[in-house]
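Just so it is clear, none of the values below were taken in a lab; they were calculated from the coordinates. Because the structure is a prediction, the values reported are computed rather than measured. Here the Cβ positions follow ideal geometry from the backbone for every residue, glycine too, while neighbour counts run over all protein chains shown.
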Amino acid sequence: MISLVSELSASLPALRVHRTVAALILRWRREIWRSLAVALAVLFAGEASSVMAAEPAPAPPVDIVAAEFGVFVDGGHDELVLVPTRLVPHVVGQRYGWAIELRTARRSVSVREEYVRPPASPTADAAVASDPVRDSLQLPVATSRQVSQRQLVPVNGLIYGEWAVGPGEPAGHRTLRVVIENEAQLVFDYDMK
C-alpha cells in the first residue's frame, strides 16, 4: 500500500504537467477559433457591405412581341375570346380590351393604363339620377381621364386588360395608352358606337 501511495505521489507532478499542457492547448485552440471567427466576420461583413453598396443588377428587359385591341366574346367553356376591332358596340356590359404578348424573364410586369374618353353627354347625365350637390360641384371638362396601375403576371407570355361599357357612358372616340414597366408604350385608338 505504501508503494502505491509513493507511486501516485511520484506521478502527480507528471499529471499536473499534462493537465497544464492540455489546458494550454485548449486555450490555444480557442484563441485560434476566435481569431478565425473574427477574421471571417470581418471578411464577410466587408463583402456584404460592398454587395449592398453596389448598384442593383438591371431588371431583365421586356420586349413586346405582339399587341391587339378588340372586344371580348364568349368562346364557350368559360372562355373569353378577343376579337380584334377598333369599333366597340355602345352596349352596357360590352367587354373590350387588349392582349399583349411579351418576351421577358420577369415574373410580373408593372402596367399603367391611361384611359381618355370624351365628356358625358347631357342625355347620359339625364340617365343618372340628378343630385343638386353633385351638379353644383361639377366642372365642365373637355375629356375624362382614368388611370390604373397594377402588376400583371404573364401567362404563356400574355397579359390582358379588360374594360366594360358602363351605364351612362357616352359614345365617341377613345384613346387607351398602355405603359409597361415605364418603358414600352402602346396606344390604342378606337370608337364606341
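Laid out as a table, the results:
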read-out: Theoretical FRET efficiency, 1/(1+(r/R0)^6), r = Cβ-Cβ of Lys193 and Ser108, R0 41 Å, to 0.05; value: 0.70
read-out: Stretch gain in nm, segment Val155-Gln185, where the contour uses 0.36 nm per residue and the Cα spacing is subtracted; value: 8.8 nm
read-out: Local electrostatic count, Pro58, Cβ distance below 15 Å [Lys/Arg +1, Asp/Glu -1]; value: -3
read-out: Local net charge near Arg86, Cβ-Cβ under 12 Å (Lys/Arg +1, Asp/Glu -1); value: -1
read-out: Amide H contacts under 5 Å for Gln94, placed H, 5+ residues apart; value: Val165
read-out: Extension gain, Thr175 back to Ile64 (0.36 nm per residue minus Cα-Cα distance, nm); value: 38.0 nm
